Every structure is written in C-alpha cells, then in structure tokens.
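Report on one structure; see the data block that follows.
The values are calculated or read from the model by the stated rules, or taken from the named source; none is laboratory data. Just so we're clear, the structure is a prediction, and the values are computed from it rather than from any experiment. Ideal geometry is used to build each Cβ from the backbone, glycine not excepted, and the neighbour counts take in all protein chains shown. What goes into the accessible areas is simple: the full protein's heavy atoms, side chains included, and nothing from ligands, DNA or RNA. Shrake-Rupley method; radii C 1.70, N 1.55, O 1.52, S 1.80 Å.
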Amino acid sequence: MNLAVSAPDRLVVRTVHIPDPGDLIDRLPHPAALAWIRHGEGIVGWGEAARLDLPGGEDRFTAADRWLRELFGTASIDDPVQAPGTGPVAFGGFGFDPKSPDSVLIVPRHILGRRDGQAWLTTIGTEPDNPLALAQRPVPPGRLTWSDGALTAPAWQQAVATAVDRIRAGHLGKAVLARDLYAHATEPIDARVLLHRLAARFPGCYTFSCAGLVGATPELLIRRTGGTLASLVLAGTTARGTGPADDTARAARLFASTKDRQEHAYAAEMVRDALAPLCTELTVPDRPELLTLPNVMHLASAVHGRLDGDRSVLDVLAALHPTPAVAGTPTDTALQLIRELEGMDRGRYAGPVGWVDSRGDGEWGIALRCAQLEGTRARLFAGCGIVADSDPAAELAEAQSKFRAMQYALEG
C-alpha cells in the first residue's frame, strides 16, 4: 500500500490542565476544524502536526494503526492529565468502500478538550503566544441553491425497486442504498457554522468534523476505554410526528414493523458476531429500545463488552466495518449491489469517523447525517436500509427526512 505521509521525525507533545474554555467550537480559530463533541464535551483540534492519506484497500485500518503506533511510539509525551483524548490524538475518517481512496488520519498541532469536569490543551511542537486566538471569524454560507447528485429522486426510487427485486429473488437479505444532494452557497462554507448549528440542534448526537466532512451522527460504532467497549446499533427508522400523540403512534408502528425489526436484527447480530471473537465478555440486548431525535426515531441496541488482549480501537473498527446498518447482508453481495445501483462513490459517508489517542482509546461513529464541504459547495448524503418489504416511495421519504439535519445546518 502506497501511503501519503506528512509527519516530522519525532513528535514533541505537551498536555496541560486549563480552566474551563467555554464552548469548544468557539475556540476553533479557522474553518479547517477538527471536532468530536456530544453534550458540549469532547475534543476539537486545528493545525496539522502529521497526516496520513490512505489509498484504500482491505488493510487500510491495519496500515493506519501501524503508522500511528510508530508515530506515537517515538513521540516525547508530557501528559499529566492521562485521560481518554489527552496527549497526541489523531482525528480520522475512512472510506466506506475498500475501493475508495478517501481515508485520512490527521494529528492536529493543537487539541482542546473537556470531559467529566476537567479541561486540557495539548500542543505538538512549538507553541504560539496564544493558540486559542480567533484567526478568522465564522461567516454563514449565504444564499443556497440545490441540485441533484448522482440520481434524481425517480431514478433513486427505481434503484430501490431493483434492490427489492434482488432481495425477493434471494440474492441477499438487505441492502443500504444512499443518495447524494448538492448545495451551492454564495460564500465559502465554514465548518464551524455548521458545527454550532448541529451541536445546538442535536446535542445527543456526535457532532464531528474531519478533512471537510461535517455532520452529527446518532450512531456510535465503537468506543474503547481501556479494556472496555461500547457500541450503539441503530437500524429501523421513522420520521418524527406532528406532536406527542403522533410520535407515540409512529413509535408503536416502528416497533410493530416486521421490516424495521428485521433490518435491526441484521445489524445487531452482525455487531455481536464481529465483536464476540475480540471480547471475553459481550452483552447484546434481546430487543431494541427507541432513540428519539429532533427529526427521526430509531430502533436502538446498546452493546457492551470487555476486550481480550491489547487491541487498539482501530483493530476493532477493522472487525466491525461495514455493518449491515450501512451496507447490508451478506456484506460482499450488498457492496456489489451498492456499486451497481448508487452510481457514485460515497467517499467517507457511512464510513467510520472519530478519533484515537496514543493509548489506543477512542470514539468512532458512522459518518451519517453529514456533508462533504469543498469551497462554496456541500455534498449531502442520506441512506436507507432496503429489505423485501421496502416501498420505494416510503424509502425516498425517509431519505428526505435524513437530509433535513444537514439542510438545517446549512440554511440555519
């Protein structure tokens, strides 16, 4: 594998306790923002001390882990805080498809964090006089125009119908089909503006930014803290209702839906099967619960485990991705169908996004409810799980509901 690497021979890293910095997003000095925030806590970063761009391939997680172990293993680290996310940290995102050349790890020069009542600042290399100074004020994107991505709405419905036919014919059990949509702004789109809006609207989601991919995902793919693991499986979705009574009725229909329960079972079983060989203990709920967000409701299963041996969070990602929640089952057949029907490269959409520190701890979500930013343009994504009972019109409506999170972030 030919890796594109930018890194010094040896990192010099210093982490210090600091007073509460307030809103973490407010401290980001310029639009090239790195972020992982939930309920106001987490980490943000800026600058590049080191960067790895991976060309794709089945071994991209292993290659990334090997590079980070070498980089962090030779670093000089002064970290009296000693908490997940302190010391050197790499923010990253991996391409959904192994064939996609769009995976990246970035070790920022500055990392600001807050968790469990303590705050810290990590600096790599020479520290400027005031690393928290605002260099460029955030500016809203201005007036927006919209255009279709790879497929128009009718063409995407036809792709869903084709997938349903293949599933009913017994070729596979489930496929997740995604759409893309473009927003064109009059001003360059500043990630910090979107981060603020998403964090305020979806505080229970993981609001993220890495190499231009910005979003708020409800789905925690994996968290590693020492020897413990946690994962949140989401599959099966309905839009929010017009009020409490409508919400209750929609939730009841979601729980009673054979289609949605089957879709969720596929995803939960795969996570169990992927994690079981890595764990000495693993707990998977017998039935899902309801996760309610401002725009949609999901069937959710919280999974917990204890690792067997010294495995980095990247090792666990390699075992988990892609889950049936974002690809389908069987995985290889689903990937082939996605390549055939979607008419696009997803890039890092629906791939793992998150961070990893020098201890191998980290939090990684699935890059959902997100957009890839490039100057004045944003490319939005939304996907739906397709099974034998799926209706193309209903799936299109679900995709449109999932677009709304990023449409709100862009339009305010």
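Residues in region 393-403: is at least one within 19 Å of the chain's Cα centre (by Cα) and under 28 Å from P84 (Cβ atoms)?
No.
Look through region 219-261, keep the residues that are polar (S, T, N, Q) and not in a strand (DSSP E or B), and return whichever of them is most open to solvent (accessible area, probe 1.4 Å). Can you show your working first?
Let us first name the residues in region 219-261 that are polar (S, T, N, Q), namely 225, 228, 231, 237-238, 242, 248, 257-258.
When the remaining residues are screened for being not in a strand (DSSP E or B), the result is 242, 248, 257-258.
Numbers: T242: 136, T248: 96, S257: 26, T258: 98 Å².
It comes out as T242.
Name the residues in region 328-355 that are under 22 Å from L380 (Cβ atoms) and hydroxyl-bearing (S, T, Y), would you?
Once the filter is applied, which keeps residues that are under 22 Å from L380 (Cβ atoms) and hydroxyl-bearing (S, T, Y), region 328-355 yields only Y349.
Given the condition in a strand (DSSP E or B) and within 30 Å of E48 (Cβ to Cβ), answer yes or no: does some residue in region 196-207 qualify? Working first, answer last.
First, pick out the residues of region 196-207 that are in a strand (DSSP E or B): 206-207.
Among the residues that remain, those that are also within 30 Å of E48 (Cβ to Cβ) are: 206-207.
Looking through region 196-207, at least one residue is in a strand (DSSP E or B) and within 30 Å of E48 (Cβ to Cβ).
Quick test for you: out of A300, A276, pick the one residue that is surrounded by fewer than 18 Cβ atoms within 10 Å (Cβ to Cβ) and of a type in the set (A, V, I, L, M, F, W, C).
A276
Provide a single number: the residues in region 285-297 that are open to solvent by 40 Å² or more (accessible area, probe 1.4 Å), closer than 30 Å to G226 by Cα and not charged (D, E, K, R). Give the steps one after another, and end with the answer.
The first filter runs over region 285-297 and keeps only residues open to solvent by 40 Å² or more (accessible area, probe 1.4 Å), leaving 285-287, 289-292, 294.
Remaining after also requiring closer than 30 Å to G226 by Cα: 285-287, 289-292.
Pick out the ones that are also not charged (D, E, K, R) and you get 285, 290-292.
The qualifying residues number 4.
Residues that are out of contact with any Asp or Glu (no Cβ under 8 Å at 6 or more places or on another chain), of a type in the set (S, T, Y) and either within 30 Å of G328 (Cβ to Cβ) or open to solvent by 50 Å² or more (accessible area, probe 1.4 Å) (or both): does region 150-170 have at least one? Quick ask: steps written out before the conclusion?
Just the residues of region 150-170 that are out of contact with any Asp or Glu (no Cβ under 8 Å at 6 or more places or on another chain), to begin with: 152-156, 158, 161-170.
Narrowing further to those that are of a type in the set (S, T, Y): 152, 162.
From what's left, either within 30 Å of G328 (Cβ to Cβ) or open to solvent by 50 Å² or more (accessible area, probe 1.4 Å) (or both): 152, 162.
Yes: region 150-170 contains one or more residues that are out of contact with any Asp or Glu (no Cβ under 8 Å at 6 or more places or on another chain), of a type in the set (S, T, Y) and either within 30 Å of G328 (Cβ to Cβ) or open to solvent by 50 Å² or more (accessible area, probe 1.4 Å) (or both).
How many of the residues making up region 53-100 are in contact with a Lys or Arg (Cβ under 6 Å, 6 or more places away or on another chain), closer than 30 Å to L335 by Cα and surrounded by fewer than 17 Cβ atoms within 10 Å (Cβ to Cβ)?
Matching residues across region 53-100 total 1.
Examine region 179-186 for a residue that is farther than 20 Å from I37 by Cβ, of a type in the set (F, W, Y), touching a Gly at 6+ places or on another chain (Cβ under 7 Å) and surrounded by fewer than 23 Cβ atoms within 10 Å (Cβ to Cβ), and state whether such a residue exists. Please lay out each step first, then the result.
Looking only at region 179-186, we keep the residues that are farther than 20 Å from I37 by Cβ, and these are 179-186.
With the extra rule that they be of a type in the set (F, W, Y), the set shrinks to 182.
Restricting the remaining residues to those that are touching a Gly at 6+ places or on another chain (Cβ under 7 Å) gives 182.
Adding the requirement that they be surrounded by fewer than 23 Cβ atoms within 10 Å (Cβ to Cβ) leaves 182.
Yes: region 179-186 contains one or more residues that are farther than 20 Å from I37 by Cβ, of a type in the set (F, W, Y), touching a Gly at 6+ places or on another chain (Cβ under 7 Å) and surrounded by fewer than 23 Cβ atoms within 10 Å (Cβ to Cβ).
State all residues of region 291-305 that are closer than 17 Å to K402 by Cβ and part of a strand (DSSP E or B); if no residue qualifies, say none. Outline the logic, then answer.
Initial filter on region 291-305 (closer than 17 Å to K402 by Cβ): 291-300.
Of everything in region 291-305, those that are closer than 17 Å to K402 by Cβ and part of a strand (DSSP E or B) turn out to be L291, T292, V296, M297, H298, L299, A300.
So, in region 257-297, of the ones that are under 22 Å from A382 (Cα atoms) and among the acidic types (D, E), which residue ends up modelled with the lowest pLDDT?
Going through the qualifying residues, I end up with E263.
For region 187-204, which positions are open to solvent by 10 Å² or more (accessible area, probe 1.4 Å) and in contact with a Cys (Cβ under 9 Å, 6 or more places away or on another chain)?
Within region 187-204, just A199 meets the criteria.
Please give the strands (runs of 3 or more DSSP E) falling wholly within region 1-107 in which 1 or more residues are touching a residue at least 24 places away in the same chain (Cβ under 8 Å) and within 22 Å of the chain's Cα centre (by Cα).
Numbers: elements: 4-6, 12-18, 34-38, 41-46, 50-54, 76-78, 89-93, 103-107.
Passing ranges, in order: 34-38, 41-46, 50-54, 89-93, 103-107.
Looking at region 29-52, is at least one residue touching an Asp or Glu at 6+ places or on another chain (Cβ under 7 Å) and buried (at least 17 other Cβ atoms within 10 Å of the Cβ)? Even if it seems obvious, please write down each step before you answer.
Step one: list which residues in region 29-52 are touching an Asp or Glu at 6+ places or on another chain (Cβ under 7 Å), which gives 31, 36.
Now narrow it down to the ones that are buried (at least 17 other Cβ atoms within 10 Å of the Cβ): 31, 36.
Yes, some residue in region 29-52 is touching an Asp or Glu at 6+ places or on another chain (Cβ under 7 Å) and buried (at least 17 other Cβ atoms within 10 Å of the Cβ).
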